[in-house]
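The values are calculated or read from the model by the stated rules, or taken from the named source; none is laboratory data. Quantities reported herein were computed from a predicted structural model and do not represent experimental measurements. Note that each Cβ is placed from the backbone with ideal geometry, even for glycine, and that neighbours are counted across all protein chains shown. Surface areas here come from the heavy atoms of the whole protein model, side chains and all, with no ligands, DNA or RNA. Shrake-Rupley method; radii C 1.70, N 1.55, O 1.52, S 1.80 Å.
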Amino acid sequence: MNMKQLILICFLAIINFGNFVQAQSIMINPLNRSNVELLNGKWNALIDPQSVGEIFRYFNNVQQTKDGPNIEYLFSDVLRLNVPGDYNSQMPELKFYEGDVWYERKVTVHKNEDSNYFLYFAGANYICKVWLNGQKVGEHEGGFLPFQCDITKVLKEGENELVVLTNNERNKDNIPAMRFDWWNYGGITRDVMLVQTPSTYIQDYKVQLKKDSKNLLAGYVQLAGATSVQQIELSISELKIKKALTTDDKGYVAFEINAKPVLWSPTLPKLYAVSFKSSKDTVNEEIGFRTIEVQGTKVVLNGNSIFLKGVSFHEEIAQRLGRAYSDADAAMILSEAKALGCNFIRTAHYPQNEHIVRMAEKLGLMIWEEIPVWQGINFTNKVVMEKAKTMLTEIINRDKNRAAVIIWSIANETVPTPACDTMLIELAKLARQKDDARLIGGAFDNMKFDVKTNTFTIDDNLLPFLDLLGVNKYMGWYMKFPVDPSEIIWKVALDKPLIFSEFGAEALYGQHGSTDVPSSWSEEYQEKLYKDNLIMFNNIPNLCGTVPWILFDFRSATRNQMKNQDNWNRKGLVSDKGMRKKAWYLMQKYYESK
């Protein structure tokens, strides 16, 4: 290739980028619709370690001809990767790979000219760019939240070519940034769907109990494509509700309706069939109704104080060495949480897929959801601030109708600085503005210990903006118990509920040894440390919940103690092979007593 040809290719790539259409921020949810085609399956794939694909226009999938010039790439006779599915677990050679991977498949459509068409991606890590028939239709940043692309004008009758580029390279201005304690799974990691809607369709809706009320449903409906007043019927047949709603000429209507629903709770996770119907479109949902608030140092669900018996887990199936993505995966993870005796889960440290969230709701598990503002974020960069705001908005938009979600968490283990404080305070305010009927929290590890008084305290500018806080402290593992656990005093945010959101120790399943030596990595040491922490918890007057770290051993490239870790974080109560360690039974007994 000569210099003129290279310049021309670069120029064409720039032109194509200029035609880029941003993925939409307000989305339909295909799980509540009937006219949806799942695009999961085997996709063609190309590994692009030097990121030449956009320069050489891989998105224009040309075919090799007998008399034509040789093509440097082809989507025929290439890798076949599972979608959904991270690519790191599908080939040994890609175990640690970070970079560009291109996906391609054909999509055949019998097009209705009076319809809109969208590509919906439930998640792809970390940067994702989408082309249809050679035209760029969307781009999204963030590996743990959905996005959609309007392809109505680009879609053709018959066969269409869909090309997707993913890139999971770490960057100091990403969220999360350069270092994090979980595996950096790349690729199209969640479901992909083709969604067809009418020309005027139900784009967004919310219906939940109004704040501080048990008998007033409040919400809104937003139509897309409306240019005049429209009629929408809201039905909840079990509550004998059939309400006619009239939108404004932009398709929006807010409403309040008196009702007496059975309230969702861990012991009775009641969901109602809810239907929104316009002249052209229908959306069917399952929605629960409950109240959640803070009263002093108590978390109060439906008017009753509740202790949050929790556990954390990653979106990972350890035995498969890969991302969790299906209902079967969700059932495997959540059944173990239920067996432990949990009524609460922390989907740390990022929004997990909707299979997990919706199944948890049906099982009666309350949820702490968190955006991945984790430790080393570049808080001084205003662009990073906007990314964090976008991610928080996206998760609230996705899960605002989920009764199980009781906490929006804005950060985990950040180091207080003026720039950090500014960002987190803005995020807390944004969460409150977007959703005033859930609790706002965060997880802290900046408590200070006074050796003279054996007392933990905290001083953090974020606290006044939160409803509750989580504290992460690995007593006995990263910090020795300075005195007997029964003598440690906690005076941390005494005016708020406190969740002990992380504690634990690493242990290799089947390894037995001393209860006094951390380096034994034994189940006995982990069990003894858990006992000591439970004793210490008696000295936390505002304790409202506990969340051991973590349910399962999980993969982490930062865990390089090869004898016992071998790229695994071994803090799981359950091993990577699914075997319960001694500490699991201790926590189960503790939760039985609460």
Size of electric dipole in the stretch 68-134: Cβ of Lys, Arg +1 and of Asp, Glu -1, about Cα centre, debye, nearest 20: 140
Tally Lys and Arg at +1 and Asp and Glu at -1 over the other residues with C-beta under 9 Å from the C-beta of G187: what net charge comes out? 0
Solvent accessible area, Å² - D204, 1.4 Å probe, full protein context: 20
Percent of all Cα-Cα pairs per 5 Å bin for the stretch 51-207, counting from 0 up to the last occupied bin, reads 2, 8, 16, 19, 19, 15, 10, 7, 3, 1, 0, 0, 0
Binned Cα-Cα distance frequencies in the stretch 311-360 - 5 Å width, integer %: 5, 23, 36, 27, 9, 1
Can you report the principal axis dimensions of the stretch 443-594 using only the alpha carbons, biggest first, rounded to whole angstrom? 42, 31, 29
Once phi for every residue in the stretch 441-458 is put through the Karplus expression 6.51 cos²θ - 1.76 cosθ + 1.60 (θ = phi - 60°), the whole-Hz ³J(HN,Hα) values, with Gly and Pro written as x, are x, x, 10, 10, 9, 9, 6, 10, 10, 9, 5, 6, 10, 6, 10, 8, 9, 9
Per residue, what accessible area does the stretch 461-580 have, given a 1.4 Å probe and all protein chains present, in Å²? 37
For the chain, whose charge dipole is built from +1 on Lys and Arg Cβ atoms and -1 on Asp and Glu Cβ atoms, the candidate among P497, N302, L534 with its Cα farthest towards the positive end is N302
Would you mind computing, in nm to one decimal, how far apart the modelled labels at Q50 and N461 are, each placed 7 Å from Cα along Cα→Cβ? 4.8
Of all accessible surface on the stretch 157-255 at a 1.4 Å probe, what whole percent is carbon and sulfur? 46
Report ³J(HN,Hα) in whole Hz for each residue of the stretch 93-108, in order, from the Karplus equation J = 6.51 cos²θ - 1.76 cosθ + 1.60 where θ = phi - 60°; Gly and Pro get x. 5, 9, 3, 9, 5, 10, x, 7, 9, 9, 10, 8, 7, 9, 10, 9
So the label point goes 7 Å from the Cα of D114 along Cα→C-beta, right? Which residues of the stretch 271-296 then have their backbone N under 17 Å from it? 278-282
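How far, in nm, would the chain grow between D421 and K156 when pulled straight, counting 0.36 nm per residue and subtracting the alpha carbon separation?
On the way: separation 265, 0.36 × 265 = 95.40 nm, distance 4.93 nm.
Full extension from D421 to K156 adds 90.5 nm.
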Around N215, under 14 Å between beta carbons, what's the net of Lys plus Arg minus Asp minus Glu among the other residues? +4
Amide H of I241 versus every other amide H placed in the peptide plane: which residues, excluding those fewer than 5 positions away on the same chain, fall under 5 Å? I236
Largest-first semi-axes in Å of the equivalent ellipsoid built from the Cα gyration tensor of the stretch 144-186 are 33, 11, 9
To the nearest 10 Å², what's F276's accessible area with a 1.4 Å probe? 0
The stretch 493-550 and the stretch 373-425: distance between their alpha carbon centers, rounded to Å: 27
May I ask you to compute the full-extension gain from M579 to S305, defined as 0.36 nm times their residue separation minus their alpha-carbon distance, rounded to one decimal in nm? 95.3 nm
Could you work out the pair-distance distribution P(r) of the stretch 248-348 from its alpha-carbon pairs, with 10 angstrom bin width and percents rounded to whole numbers? 11, 29, 30, 23, 7, 0
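Ignoring ligands, DNA and RNA, what accessible area per residue does the stretch 97-234 give at 1.4 Å, in Å²? Intermediate values should be presented prior to the final figure.
Working: 4430 Å² over 138 residues.
Averaged over the residues of the stretch 97-234, the accessible area is 32 Å².
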Placing +1 on each Lys and Arg Cβ and -1 on each Asp and Glu Cβ in the chain, then taking the dipole about the Cα centre, the residue among N560, G143, L340 whose Cα reaches farthest towards the positive end is L340
At 7 Å along the Cα-to-beta-carbon direction for both R320 and T227, put a label point, then send me their distance in nm to one decimal. 4.7
For the chain, with the dipole built from +1 on Lys and Arg beta-carbon atoms and -1 on Asp and Glu ones, taken about the Cα centre, which of L94, A403, L132 lies farthest toward the positive end? A403
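Suppose only helical runs count, i.e. DSSP H with n ≥ 4. What mean residue ellipticity at 222 nm does that imply for the chain under -39500 (n - 2.57) per run, divided by all residues and rounded to the nearest 500 deg cm²/dmol?
Calculated from helices alone, the mean residue ellipticity at 222 nm is -5500 deg cm²/dmol.
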Just report the Cα centroid separation between the stretch 190-264 and the stretch 449-483, whole Å. 44
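Measure off, as a whole percent, the carbon and sulfur share of the 1.4 Å-probe accessible area of the stretch 426-571, all protein chains present. Walk me through the numbers on the way to the answer.
Details: 2820 of 5770 Å².
Reported share for carbon and sulfur atoms: 49 percent.
Calculate, in nm to one decimal, what K452 and S335 gain on full extension: separation in residues at 0.36 nm each, minus their alpha carbon distance. Spell out each step's value before the answer.
Details: separation 117, 0.36 × 117 = 42.12 nm, distance 4.46 nm.
Net length gain for the segment: 37.7 nm.
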Need one value: the accessible area of I47 in square angstrom, 1.4 angstrom probe, rounded to the nearest 10. 60
Cα extents of the stretch 171-261 along the three principal axes, largest first, in whole Å? 50, 36, 25
Just add up the charged neighbours of A244: K/R +1, D/E -1, any other residue whose Cβ is under 11 Å from the Cβ of A244. +2
Largest first and to the nearest Å, give the Cα extent of the chain along each principal axis. 80, 61, 43
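Out of all DSSP beta bridges with both ends in the chain, state the antiparallel percent to the nearest 5.
Around 75 percent of the beta bridges assigned by DSSP in the chain are antiparallel ones.
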Given charges of +1 on the Cβ of Lys and Arg and -1 on the Cβ of Asp and Glu, with all other atoms neutral, how large is the dipole of the chain about its Cα centre, in debye to the nearest 20? 1000
So if I place +1 on the C-beta of Lys and Arg and -1 on the C-beta of Asp and Glu, and nothing else carries charge, what would the dipole magnitude of the stretch 473-594 be about its Cα centre? I want it in debye, nearest 20. 240
